[in-house]
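The values are calculated or read from the model by the stated rules, or taken from the named source; none is laboratory data. Here the structure is a predicted model, which means the values were calculated and not measured. Cβ atoms come from the backbone with ideal geometry, glycine included; neighbour counts cover every protein chain shown.
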Amino acid sequence: MFKATLKQIFGRGSIIAINQLAVLLAIPILAARLDFLVFGQVAIGFILVQLSWVVSDWGTQDYSIEQWPKLKTQLQENTFTTIASFLKMSVALLCISLILLIILLGWIDFPILFWLCIIPSIFMGGICPLWFYQVQKSPHEMIGVTIFSRCIYLLLIISFVHDNDSAIWAFLAQGINMTIITIYAYWRMCSCYQFKLQKFQCDSWLHILKQSSPFLINAITNNQINTLWGFGLSAFGGPLAMAIYNIGDQLYRAGGAITNIIAQAIRIHFHGTSLKNIKFTFIFFVILFFVISISVISLAPFIITKFFPDNFLPAIDILQIMMMAWGLHAIVKLLNYPILGETHGAVWVNQITNKILFLHALAFIFWMVFLSGPMSLAVMFSIVIGCQLLIFLFHIFQKIR
């Protein structure tokens, strides 16, 4: 099972790695060609898009893992896929509308023109059915189109983003990239997996909406909580703070995307087995995460001074703190559904996740009232992640005893 897990991680992990590498290559280019303020606004746009993708998924990544084995016929699979796709589309449209509302209310410093340019990214990324290839255990089928679309993404940014007036191409390139991937994914679903849209009742839509909601909360808390903190900084810190915070957040997000895939792949292949079977895989990835975290922390000064202008030097400390938090959070994800889901059940995991999310909310309110700036935000974020790790370990050791 370890080899099968690695195979799936390589397949979907390659897709995520290509996506994140393209973004990491684009960030220094944007930082060099845009003013500090405009770069911060672009960073806010990236946060808005990422948060919209997370919400639009509505827990489908993990919920589908639990439900797919229960589907016995092609009709049931097609119906589930249809409902999930329409659910994701509905939430994506809602996210687009809510972002416009908070812009008009003045809660974030984000131009209306930028909002128009992020609509394709939010919509196409929101309905993208990568979860389908995950439950089919064939994510490798999306590697080719991902490489092709990301090459186009980088070429568009290099070719068209020259100054503040052309900053919209940072979002348009992202939208074009996601459009290519999403259209190809649905085409392949129809041609290779006999997928056809099915009629469904509103009750079925509401059922999946309700059943997958706890998995959404878990995904936000355990997979994408940094995006929620980044959104908070966008509102209360503004573009200048986001410009500094964004570098550490992007590296955290890139690593977090990979660790999400690892945790999900372990859950798929070790679901229903004893903890003894997971032990070697768990230790292997903990050591790997530790080595990566220490390496990036050591290289942080070189990364910032080599690839970014001098006004980004304060980002060194933030990058180091965020990578320390990433290492802790990576272990949390391994303990989440893969281990606690086995020892305590998925329902229990979702219930304790609600408490962890409340802890994050309290920490952010404390930062908002008594502190300020991206540095203190990164510190508070790391403290909460450390507390979550201790809570998870306590429950696991208690169960073992």
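A Cβ distance below 7 Å, combined with a sequence gap of six or more or placement on separate chains, defines the contacts here; from segment 122-136, residues that are aromatic (Phe, Trp, Tyr) reach residues that are in a helix (DSSP H, G or I) and modelled with pLDDT of 85 or more in the pairs Phe123/Ala92; Phe123/Ile96; Phe132/Thr81; Phe132/Met189.
Residue by residue through segment 305-338, note down the ones that are aromatic (Phe, Trp, Tyr) and within 17 Å of the chain's Cα centre (by Cα). Full working, then the answer.
Kept after step one, since they are aromatic (Phe, Trp, Tyr), are these residues of segment 305-338: 307-308, 312, 326, 337.
Trp326, Tyr337 - these are the residues of segment 305-338 that are aromatic (Phe, Trp, Tyr) and within 17 Å of the chain's Cα centre (by Cα).
Scanning segment 121-174 for residues that are more than 17 Å from Gln50 (Cα to Cα) and of a type in the set (Gly, Ala, Ser) yields a total of 6.
As a summary of the residue check, Asn354 satisfies the conditions (1) in contact (Cβ under 8 Å) with a residue 12 or more places away in the chain; (2) more than 20 Å from the chain's Cα centre (by Cα) except for the one numbered (2). Out of curiosity, is Asp249 acidic (Asp, Glu) and either touching a residue at least 60 places away in the same chain (Cβ under 8 Å) or touching a strand residue (DSSP E or B) at 6+ places or on another chain (Cβ under 6 Å) (or both)? So Asp249 passes the test. In the condition set (1) modelled with pLDDT of 85 or more; (2) more than 16 Å from Ile217 (Cβ to Cβ); (3) surrounded by fewer than 18 Cβ atoms within 10 Å (Cβ to Cβ), Trp326 is compliant with all but (3).
For segment 348-359, filtered to residues that are among the aliphatic types (A, V, I, L, M) and over 23 Å from Phe231 (Cα atoms), the residue that is surrounded by the fewest Cβ atoms within 10 Å (Cβ to Cβ) is Ile352.
Scanning segment 99-118 for residues that are crowded, with 19+ Cβ neighbours inside 10 Å and touching a Gly at 6+ places or on another chain (Cβ under 8 Å) turns up Phe110, Phe114, Cys117, Ile118.
Within segment 310-324, the set of residues being in contact with a Gly (Cβ under 8 Å, 6 or more places away or on another chain) and of a type in the set (Val, Ile, Thr) comprises Ile318, Ile321. Of all residues in segment 103-114, those satisfying the criterion of being in a helix (DSSP H, G or I) and either more than 15 Å from Phe231 (Cα to Cα) or touching a residue at least 60 places away in the same chain (Cβ under 8 Å) (or both) are Leu104, Ile112, Leu113, Phe114.
Look at segment 360-401 and say how many of its residues are of a type in the set (S, T, N, Q) and either closer than 23 Å to Asn218 by Cβ or surrounded by 19 or more Cβ atoms within 10 Å (Cβ to Cβ) (or both).
3
Pairs linking a residue in segment 264-286 that is at pLDDT 70 or above to a residue that is among the polar types (S, T, N, Q) and assigned to a helix (DSSP H, G or I), with Cβ atoms under 8 Å and 6 or more positions apart or on different chains, are Gln264/Gln61; Gln264/Gln134; Ala265/Thr5; Ala265/Gln8; Ile266/Thr5; Ile266/Thr281; Thr281/Thr5.
Would you say Phe80 is closer than 24 Å to Trp205 by Cβ, crowded, with 21+ Cβ neighbours inside 10 Å and touching a residue at least 24 places away in the same chain (Cβ under 8 Å)? For Phe80, the condition - closer than 24 Å to Trp205 by Cβ, crowded, with 21+ Cβ neighbours inside 10 Å and touching a residue at least 24 places away in the same chain (Cβ under 8 Å) - is met.
Would you list the helices (runs of 4 or more DSSP H) that sit entirely within segment 122-211 and hold 3 or more residues that are polar (S, T, N, Q)?
Fully inside segment 122-211 and qualifying: 143-160, 169-192.
Whether any residue in segment 8-31 is under 19 Å from the mean Cα position of the chain (by Cα), hydrophobic (A, V, I, L, M, F, W, C) and modelled with pLDDT of 90 or more is what I want to check. Steps first, please.
Filtering segment 8-31 down to residues under 19 Å from the mean Cα position of the chain (by Cα) leaves 8-27.
Then drop every residue that is not hydrophobic (A, V, I, L, M, F, W, C), which leaves 9-10, 15-18, 21-27.
Within this subset, residues satisfying the condition of being modelled with pLDDT of 90 or more are none.
No, because not a single residue in segment 8-31 is under 19 Å from the mean Cα position of the chain (by Cα), hydrophobic (A, V, I, L, M, F, W, C) and modelled with pLDDT of 90 or more.
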